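Enquirer: If you scroll down you'll find the structure; I have some questions about it.
The values are calculated or read from the model by the stated rules, or taken from the named source; none is laboratory data. Since the structure is predicted, the reported quantities are computational estimates derived from the model, not experimental observations. Here Cβ is always computed from backbone atoms with ideal geometry, including for glycine, and neighbour counts include all displayed protein chains.
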Amino acid sequence: MKKGQIISLIISISCLMAIPISISSFSFACPPQFDETYYGELPHMFKRLKKGEEGKIVLIGNSALAFGIHSEMISQELNREVVSFGLYGAIGTKAMIDLSRVGIKKGDIIVLAPEISEQALSLYFSSKEMWRAIESNYEMFSYIDKKSRKNMIGNYAPFVAEKFSYFSSGSKPKVEGVYTQNSFNIEGQEVGYMTYDRPYNIMLGGYDTNSMIDFDVNYLKDDFIDYINKFNRFVTNKKAKLYYGFVPMNRLSISSSRDEITTFYSTLNDKIDFPILGNPFKYFFNYEWFYDNNNHLNSSGVNIYNRQIVNDLKIVLEDSSETNIIIPDEPTIPIAPFEEGNNIDEDLFNYEERYYNDVLIGYKIVSLDELPLDKKSVIVPSTHNGLPVVAFSKKTFSNNEQIVEIVIPKNIRGLFNHSFVRCKKLLRIVLQHDDPNSINVGTALLEGARNCKIYVKKECYDNFANHYNWSYYRDKLRKY
């Protein structure tokens, strides 16, 4: 962003928020604090898109593309430059569309491929997430639409406060694992696709029950449809071509019937002014190809998705050449190791067996017995009959108006939405996990327990606070 644009932005923020220019300018003078987190990849994506040549392929969407697109693999098949422009659903599809306009050129093929969810198929926008994502390149601010910019200015002060807290501590957010900018690098060099090794499916039962994929025609609201049709007109004026595409979807997570999916497809086709690339049924893949989310592929799964994308693109490009992307064997999912722990409250619960390939691998808690009146803290057992306790049903604790604290051991691999409904006295959920990837969570975990906080180990706080799923609870996270 040019110096004059930055000064203009600082003055605008100061005037609108009635804060001193010295404070509003802090964020621009302070070194980036989130550039090593997952957010930090967006400026790199933006730069690649802006510099791209005419005739390229651009895929726009959410994190399914970050985990699914191997731009080099597709480029080799189609002999075109390929830019993946999808990172994080919490930023919003609309923002990715807005930012993409900077790099669309004559002859480009644009594939708009949002995930099938109410949020992704809407004009949702998060200024909080966007501030973290653009702090390495404030030029991006000027490409966001006016309404969203105003929203960002209104949320500037909390961002500055958060940024200052890291800067003053002398330490950026400490992040590890797949949700870092480094996941898109090879030997420190940014390559434009995810390189972090994701060997197999790590989800409990092979899919995330908190994020089922529902082809609900009610998601296709007029304001979003109007927005993407307007985008199509922009693309057409650039002498480029827009298609609607689909992301990879875990077959186990599809909650809609075939008729409902067909109705969704037909309704979408009727509403949008540009063609659809393929159909959703082609993008339903077995659970073995996924990683930590019903749309996030593991490293082997990338091949099956890119092969399908290439085949569908070859149809519209009238390219009859053979596709040479090899489909590997489905990754074997190992039985997860488990730890012994504190089983002092083991007898308070009732259990059901959990099997994988007909082998008993552990237990799921299905209910909690009536507690002694003075029992306020409950420790979920690590094991039962010598095997790990890997989950508890959402009915286990619901409606309990006695418990104040629940301690959750490392062997628990997923927390279900609405697990603490009407737990009015619940104040503390204590996670013993070291890695946020080792315990899945949805966005409705604390519904019905509004006063509850989630406690994580002090040394793991940044990883949880900046994790793809757990960052939703950033304001509820506490250290111990």
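Enquirer: Which fully enclosed strands (runs of 3 or more DSSP E) of the stretch 398-472 have 1 or more residues being of a type in the set (Asp, Glu)?
Expert: 405-408
Enquirer: Still on this model: So which residues in the stretch 352-370 are crowded, with 19+ Cβ neighbours inside 10 Å and more than 29 Å from the chain's Cα centre (by Cα), if there are any at all?
Expert: Leu368
Enquirer: Just to be sure I understand the filter: pairs with C-beta atoms under 9 Å, separated by 6 or more residues or on different chains, first member in the stretch 271-292 and of a type in the set (Gly, Ala, Ser), second member part of a loop (DSSP other than H, G, I, E, B). Which pairs pass?
Expert: What qualifies is Gly278/Gly245; Gly278/Phe246.
Enquirer: If you don't mind, there's one more thing I want to ask. Here are some residues: Glu322, Glu288, Glu330, Glu260. Which one is on the phi < 0 side of the Ramachandran plot, surrounded by 15 or more Cβ atoms within 10 Å (Cβ to Cβ) and not assigned by TED's automatic domain parsing to the domain that holds Asn201?
Expert: Of Glu322, Glu288, Glu330, Glu260, the one residue that is on the phi < 0 side of the Ramachandran plot, surrounded by 15 or more Cβ atoms within 10 Å (Cβ to Cβ) and not assigned by TED's automatic domain parsing to the domain that holds Asn201 is Glu330.
Enquirer: Would you confirm whether any residue within the stretch 185-203 is surrounded by fewer than 17 Cβ atoms within 10 Å (Cβ to Cβ) and in a helix (DSSP H, G or I)?
Expert: So far as the stretch 185-203 goes, no, none of its residues is surrounded by fewer than 17 Cβ atoms within 10 Å (Cβ to Cβ) and in a helix (DSSP H, G or I).
Enquirer: Given the criteria within 16 Å of Pro114 (Cβ to Cβ), loosely packed, with under 15 Cβ neighbours inside 10 Å and assigned by TED's automatic domain parsing to the domain that holds Gly55, does Asn232 qualify? First the steps, then the outcome.
Expert: Values: within 16 Å of Pro114 (Cβ to Cβ): yes; loosely packed, with under 15 Cβ neighbours inside 10 Å: no; assigned by TED's automatic domain parsing to the domain that holds Gly55: yes.
In short, no.
Enquirer: Specify which of the listed residues (Pro331, Pro337) is in contact (Cβ under 8 Å) with a residue 24 or more places away in the chain, more than 20 Å from Pro114 (Cβ to Cβ) and assigned to a loop (DSSP other than H, G, I, E, B).
Expert: Pro331
Enquirer: As an exercise: evaluate Leu373 against (1) under 33 Å from the mean Cα position of the chain (by Cα); (2) at pLDDT below 95; (3) of a type in the set (A, V, I, L, M) and give the number of the one condition it does not meet.
Expert: (1)
Enquirer: Taking the condition of being part of a loop (DSSP other than H, G, I, E, B) and at pLDDT 95 or above, how many residues in the stretch 342-369 meet it?
Expert: 5
Enquirer: Does the stretch 375-390 contain any residue that is polar (S, T, N, Q) and outside any strand (DSSP E or B)?
Expert: yes
Enquirer: List every residue pair whose Cβ atoms lie under 8 Å apart, where the two residues are 6 or more positions apart in sequence or sit on different chains, the first residue falls within the stretch 236-252 and is in the same structural domain as Gly68 (by TED's automatic domain parsing) and of a type in the set (A, V, I, L, M, F, W, C), and the second residue, located anywhere, is modelled with pLDDT under 95 and surrounded by fewer than 19 Cβ atoms within 10 Å (Cβ to Cβ).
Expert: From residues that are in the same structural domain as Gly68 (by TED's automatic domain parsing) and of a type in the set (A, V, I, L, M, F, W, C), the pairs are Leu252/Gly205; Leu252/Gly206.
Enquirer: Those residues that are within 22 Å of Met203 (Cβ to Cβ) and in a loop (DSSP other than H, G, I, E, B), I need them from the stretch 247-290; list them, please.
Expert: Val247, Pro248, Ser255, Ser256, Asn286
Enquirer: Out of all the residues in the stretch 447-454, is one or more β-branched (Val, Ile, Thr), in contact (Cβ under 8 Å) with a residue 60 or more places away in the chain and in the same structural domain as Phe397 (by TED's automatic domain parsing)? Please lay out each step first, then the result.
Expert: Of all residues in the stretch 447-454, those β-branched (Val, Ile, Thr) come to 454.
From what's left, in contact (Cβ under 8 Å) with a residue 60 or more places away in the chain: none.
Checked against the condition, which is being β-branched (Val, Ile, Thr), in contact (Cβ under 8 Å) with a residue 60 or more places away in the chain and in the same structural domain as Phe397 (by TED's automatic domain parsing), the stretch 447-454 yields no hits at all.
Enquirer: Same structure again: Is there a residue being surrounded by fewer than 20 Cβ atoms within 10 Å (Cβ to Cβ) and in contact with a Leu (Cβ under 6 Å, 6 or more places away or on another chain) anywhere in the stretch 439-447?
Expert: Checked the stretch 439-447: no residue is surrounded by fewer than 20 Cβ atoms within 10 Å (Cβ to Cβ) and in contact with a Leu (Cβ under 6 Å, 6 or more places away or on another chain).
Enquirer: I'd like to check something: does the stretch 423-438 contain any residue that is buried (at least 19 other Cβ atoms within 10 Å of the Cβ) and either without any contact (Cβ under 8 Å) to a residue 24 or more places away in the chain or touching a Leu at 6+ places or on another chain (Cβ under 7 Å) (or both)?
Expert: No: zero hits.
Enquirer: Condition check: surrounded by fewer than 22 Cβ atoms within 10 Å (Cβ to Cβ) and either within 16 Å of Leu242 (Cα to Cα) or in contact with a helix residue (DSSP H, G or I) (Cβ under 6 Å, 6 or more places away or on another chain) (or both). Does Gly107 satisfy that?
Expert: The answer is yes for Gly107.
Enquirer: Also, I was wondering about something else. Of all the helices (runs of 4 or more DSSP H) wholly in the stretch 60-155, which have at least 2 residues that are over 28 Å from Trp289 (Cβ atoms)?
Expert: By residue number, 93-100, 127-134, 146-154.
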